[in-house]
Structures are given as structure tokens and as C-alpha cells.
Amino acid sequence: MTEHVRELESKFVVQTYRRTPIVLVRGEGVRVFDDQGREYLDLLAGIGVGALGHGHPGLAAAIADQSRQMIHCSNLYFHPLQGQVAERLAKLSGLPRAFFCNSGAEAVEACLKFARRYWYTNGDAKRTEIIAMEGDFHGRTYGALSVTWDDHYRAPFAPLLPNVRFVPVNKPEALRAAVSTSTAAIILEPIQGEGGVRPLTQDFADAVNEVCARTGALLIADEVQCGLGRTGFPFYHQKLGLKPDLVSVGKALAGGVPMGAALVSEQVAGALSFGDHGSTFGGNLLACRAAVVCLDALSGGVIDHVKKVGAHFERQLRALAARYPSIVEVRGAGLMWGLELNDDATAVHEAATRHGLLVNRTAGKVIRLLPPLTITEAELDRAIGLLDTVFSEVFAEATT
């Protein structure tokens, strides 16, 4: 099947993905299986999407039941589930309003639009500047791309949105110098994902709060990857004491069913009018039903589980790094970790796949680990054993 799948895609699918040459057909918990029946331990979870793992019985049952009742209705009508999801998100985040869309990038787009609409409504239509962080990734649609740092993503699609300025992340003085009363909003990832799993420092977070209070600039926290329990907190900005006016979420929100949301303060929501934004599929019944299951699981013990197993995982990863000098830094929180190597991480990524372990290479030298939030300590120990084998093999080859 593998060759047929690859041949078919090469003829008919736009070639924008550099895929690992395996065909995945089934999943169960933290394991996935390819078309040859081979098993892999999944430490990527669809880049943080599969929070409850693969084939979760409760999620599967809810999706099946909802598909028999109604999958979609227009946002011209009410349905029973959007309010339920919004209420759960408000309790987790402290932000009282939600706009529903279909992805993290769409959620970022909504946040950017809402920030600019806020100032327009308040009589300052010229206050349009956005301050973004070097190293951040916010998505590939035009607005999200405009606040994404890496020129690799940006250059082929220039010119992008005007009035976007980048400042070095974790440099408080650079931030203080950049933000002014011309700044509409600051956008940041509390933990950079694509940028190499780099958490904001507390000093920088404190500076963000300071400049927002001084200038009135709105704060957008992009929690698409690090939010919804991934770090052992509902949202990582809460650990840092940040006070966002808007938060973008996606990925894990509906456990694999495409869904995103922009969470906003009452102040920002009050600046919006009917027709300011919309989405045909945003907040459809199927996605909302899945999100109810996922959010109830988070509040029902999954976040506490992440705190516990995340601490165990961190200890194991740091012990692993102590055995291999080629691992120069371990960064992250909960079940979101990056291992930075002293060289390109491609060989480790490829060796991991050969040994039945799915990980991700990002920012060139970083191995990113985003397992399902339901993973057990025993499964993490197995993953550490496989990583040990992989590093031993790759680093032995590098020295021969």
C-alpha cells in the first residue's frame, strides 16, 4: 500500500509536505500502526492534537452519536453545543467570550482582527501596530504569517501585513523600547513551539504586563500548542502571570476534529459588531460535541495527570541528557519538551522512526516531544528507553 499511496499523492496532491515515508492507518491510545502492521509509540500526537490519544472510546462514541443526529448547521441558527463549549473554555481561561473557527491559524486571524477592531471602535483607527516575537510561529494564513518570525515561511509571500514589528524574545528592555501608545497589540507564544520549545522567562512576562499596563496595548497569547493542559496548566500564560485580552486555541481543542477558538475579554467582545467576523464551519455540532468530551476530560483529571507524569518525564529526559553530551539543553513543561542537539536533528528523527518511535524535528536542531496527555509513566519509560537506543546509535555513528 505504501508505494501506491505515495504514487497517488505525487500525482494529485499539492507537494507542500515533506512526509516521513510510512502510511499510518490506525491508532490505539499512545500507539499507532502502519499499513504493514508495524507499531509505533507516538510522542507527537498529530503535533499536539491528539490530547486524549488515539481511538479514545468516549470521544469516538460522542462523534458517532453526533454524526447520526446532525453534523452541521449554519451559524444563522442556534444549536445546543456552542454555549456549552464556550462556558467550559471561560472556566479554564478566565476569558468570558469565545469565537469559534476551524484551526489555530484561524484563531490567530480572529485575534488580530479583533485587536484592530477594538481600537477602531474606541476612536483610534490609526492604532494598528502589532508587536511580535522573534522565533514565534503563529500560522500560515496571511495575518498569522505576518506575525510569524522565520523568513523561510514569510519571504515567498511578501508583502505581508504592514505595521508589524519583531522584538527579541526574552529581552525585556527590547520590548520596553518597542511598545508605545501606537501599539495595538502584542502577540506571543508563552512557549514557542516551532521555534524550538522555548518558554518565556518570568522577567520577560513581567515586562509584558508592565508595558501593556503603561500603554494600553492589548495582549494576544497564542496557546494553540502550549494550551489546553499540555504543560500541566490549563494555559501556560497562567503560570507566568500574564493577563491576555485575547487567547488563540486550536490543535487539541476537539481531540482531532478540526476546531479553533479565539477567547476574548468582555472589553474586547464589546467592541465587536454583528458581521465583523464569521466562519461557515466554525463551531459546528460535530466539533463542539468532540470539544465537550475533551474539555470535560481536562477538568476531570487529565491536567493533574499531566503535572504528575510530566514531572516524571522531565526527570527522565534530564537524566538522558546527562548521558549524551550531544544533547545541549532540555526545555519545556508538562508534556511539551524539546531536546536541543549540538547538530542537525534529522538523523535522530529518522532513527527514531526506524525504532518505532514517532518524534518531530523542529528549528533544525531540536527534537520536539508532544505525547498524548493520557500517556502513562510506564509508556514514558518505554519511550525513554527507545530514545536511549536512538541516541546511542546516532551518536556512536557520529564518532566513528
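Among His152, His79, what is the fewest-to-most ranking by other Cβ atoms within 10 Å?
Arranged by neighbour count, lowest to highest, His152, His79 become His152, His79.
Please figure out what share of the DSSP beta bridges in region 58-298 is antiparallel and state it in percent, rounded to the nearest 5. All intermediate terms of the calculation are to be shown ahead of the outcome.
Details: 11 of 26 bridges.
Of all bridge pairs located within region 58-298, approximately 40 percent are antiparallel.
List every residue whose amide H lies under 5 Å from the amide H of His277, counting only residues 5 or more places away in sequence or on a different chain, with H placed 1.01 Å from N in the peptide plane.
Distant-sequence amide H within range of His277: zero hits.
Count of lysine pairs in the chain with Cα atoms under 25 Å apart, counting only pairs 8 or more residues apart in sequence or on different chains?
Lysine pairs meeting the criterion: 21.
Loop only per DSSP, at most 16 neighbouring Cβ atoms within 10 Å: give me the GluC sites (Glu not before Pro) in region 84-175, ordered by residue number.
In loop regions of region 84-175 (DSSP not H, G, I, E or B), the sparsely surrounded GluC sites (Glu not before Pro) are Glu134.
Sort out the exposed loop chymotrypsin sites (Phe, Trp or Tyr not before Pro) in the chain (DSSP loop, at most 10 other Cβ within 10 Å) and tell me the longest stretch that has none.
79-273
Per residue of region 172-181, in order, report the coupling 6.51 cos²θ - 1.76 cosθ + 1.60 (Karplus, θ = phi - 60°) as ³J(HN,Hα) in whole Hz, putting x for Gly and Pro.
Along region 172-181, the couplings run x, 5, 5, 5, 4, 6, 8, 7, 9, 6 Hz.
What residues have an amide H closer than 5 Å to that of Ile186, excluding those fewer than 5 places away on the same chain, when H is modeled at 1.01 Å from N in the peptide plane?
Long-range HN contacts for Ile186: Ile131, Leu218, Leu219, Ile220.
Taking θ as phi - 60°, what are the ³J(HN,Hα) couplings along region 166-171 by the Karplus curve (6.51, -1.76, 1.60), each to the nearest whole Hz, with x for Gly and Pro?
The phi angles translate into 10, 10, x, 6, 6, 10 Hz.
Over the chain, how many percent of alpha carbon pairs lie in each 20 Å bin up to the one with the longest distance?
Whole-percent P(r) values from 0 Å outward: 27, 58, 15, 0.
Order these by the 10 Å Cβ neighbour count, fewest first: Asp136, Asp150.
With the sparsest Cβ surroundings first, the list reads Asp150, Asp136.
Would you mind ranking Glu194, Glu7, Glu210 so that the residue whose beta carbon has the fewest other beta carbons within 10 Å leads the list?
Glu7, Glu210, Glu194
Which whole-number percent is the relative contact order of region 58-298 (Cα, under 8 Å, 6+ apart)?
30 percent
When the Karplus curve 6.51 cos²θ - 1.76 cosθ + 1.60 is applied with θ = phi - 60°, which whole-Hz ³J(HN,Hα) does each residue of region 245-256 get, with x for Gly and Pro?
Running phi through 6.51 cos²θ - 1.76 cosθ + 1.60 with θ = phi - 60° gives 8, 9, 9, 9, 10, x, 6, 7, 3, 10, x, x Hz.
Mean residue ellipticity at 222 nm from the helices of the chain, using -39,500 (n - 2.57) per DSSP H segment of n ≥ 4 over the full residue count, to the nearest 500 deg cm²/dmol?
-12500 deg cm²/dmol
Since every read-out is calculated from the coordinates, none of them should be taken as a lab result. Values in this document were obtained by computation on a predicted structure and should not be read as measured data. Using ideal geometry, Cβ is built from the backbone for each residue, glycine included, and neighbour counts are taken over all protein chains shown.
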